[in-house]
Amino acid sequence: MTPDQYCQDKTIKSGSSFYFSYLFLPESQRRAMYALYAFCREVDDVVDECRDPAIARVKLQWWRDEVARIYANSPQHPVGQALNTVLAHFDLPQEYFLEIIDGMEMDLHQNRYRNFSDLGLYCYRVAGVVGLLSTEIFGYEDRRTPRYATDLGLAFQLTNILRDVREDALRDRIYLPLDELQRFGVSESDILTSQENDNTRALFAFQAERALQYYDSAMEKLPESERYNQRSALIMAGIYRQTLNRIMELDYPIFSRRVSLPPWNKLWLAWRTARREQSRLNRSGKRG
């Protein structure tokens with residue numbers, strides 16, 4: 001199995017919605033996104049699968065060293081080898097990969113967040129930075145585009161946090177700001193023991209509204225001239241926002257089920273978005 005095949009296989013087996021957005025990319029960009037996703041998956045798995053935090057830290061340090069090896073043309077891991085090839089075609093800052101690892105490492109020593117400011121740092125590291133790297137792969141010319149990418153990454157992460165409240169609670173992790181739990185009369189115990197009531201639903205509605213604000217902010221910052229280049233991210237935005245809408249329509253069944261869209265729905269949203277962005281490009285007098 002080649003490094004590229006390893007990364008593609010890692011992406012497909014994860015069942016991630018991101019896979020559907022990659023289908024409409026040119027081959028070089030698609031390979032780059034598979035490699036980026038596989039890197040994120042590898043370091044995330046270290047934290048989720050290692051029961052001993054000390055061992056997890058050693059493994060994360062190995063990945064920091066691997067990042068250095070990637071940029072020194074001597075990677076050891078298939079993902080590192082794939083990323084090393086990607087660097088020949090795309091300008092991906094080394095510090096971004098280290099920032100992602102720093103974000104993952106936060107889960108080893110922090111399972112509560114006092115307020116949204118604290119949570120925002122975590123979201124930026126594990127999602128906003130991924131958005132910035134993705135934008136470099138997709139390509140852009142307008143300097144406003146990275147600001148859009150950061151907001152969209154945060155919107156994705158806030159959607160994930162809401163969707164995965166119960167799953168995270170089983171790991172004794174609460175990513176909802178504690179001061180907001182208090183504001184809505186929800187205790188940590190309510191989250192950890194899946195107490196579904198008016199207070200928790202009001203808390204979840206507040207979190208959903210914040211995520212929607214980040215989606216709107218991202219779209220407002222995306223220049224029209226960049227939309228076609230960013231069509232893969234727009235596909236993801238469509239899938240994630242529809243998932244969030246579904247959670248809201250079902251009145252936040254966070255504790256009873258993990259809300260997700262069926263594969264056919266994701267593929268339809270991806271195709272519709274790609275077609276829409278191609279039509280917008282054609283109307284502007286350009287060609288993709």
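The values are calculated or read from the model by the stated rules, or taken from the named source; none is laboratory data. These figures come from a predicted structure and were not determined experimentally. Ideal geometry is used to build each Cβ from the backbone, glycine not excepted, and the neighbour counts take in all protein chains shown.
Descriptive notes on the structure:
- Near pairs, Cβ below 8 angstrom, 6+ apart or cross-chain, from segment 244-255 (on the phi < 0 side of the Ramachandran plot) to any residue that is small (Gly, Ala, Ser): 244/208; 244/211; 247/208; 248/205; 248/208; 255/194
- All helices (runs of 4 or more DSSP H) inside segment 156-213 with 2 or more residues being exposed (fewer than 14 other Cβ atoms within 10 Å of the Cβ): 178-183
Every residue, every condition in (1) at pLDDT 95 or above; (2) touching a Lys or Arg at 6+ places or on another chain (Cβ under 8 Å), yes or no:
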site	(1), (2)
125	yes, no
141	no, no
188	yes, yes
204	yes, no
209	yes, no
225	no, no
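- Yes/no for residue 181 being more than 20 Å from the chain's Cα centre (by Cα) and closer than 27 Å to residue 54 by Cα: no
- Every condition in (1) of a type in the set (Lys, Arg); (2) touching a residue at least 60 places away in the same chain (Cβ under 8 Å); (3) outside any loop (DSSP other than H, G, I, E, B) holds for residue 114 except the one numbered (3).
- The residues of segment 78-89 include none that are touching an Asp or Glu at 6+ places or on another chain (Cβ under 6 Å) and in a loop (DSSP other than H, G, I, E, B).
- Taken over segment 23-45, the criterion of being within 14 Å of the chain's Cα centre (by Cα) and within 23 Å of residue 268 (Cβ to Cβ) is satisfied by 33, 34, 37.
- Test: residue 225 is closer than 30 Å to residue 25 by Cα, over 17 Å from the mean Cα position of the chain (by Cα), surrounded by 14 or more Cβ atoms within 10 Å (Cβ to Cβ) and among the small types (Gly, Ala, Ser): yes
- Any helices (runs of 4 or more DSSP H) falling wholly within segment 1-74 and containing at least 2 residues that are surrounded by fewer than 17 Cβ atoms within 10 Å (Cβ to Cβ) and out of contact with any strand residue (DSSP E or B) (no Cβ under 9 Å at 6 or more places or on another chain): 3-14, 27-49, 53-71
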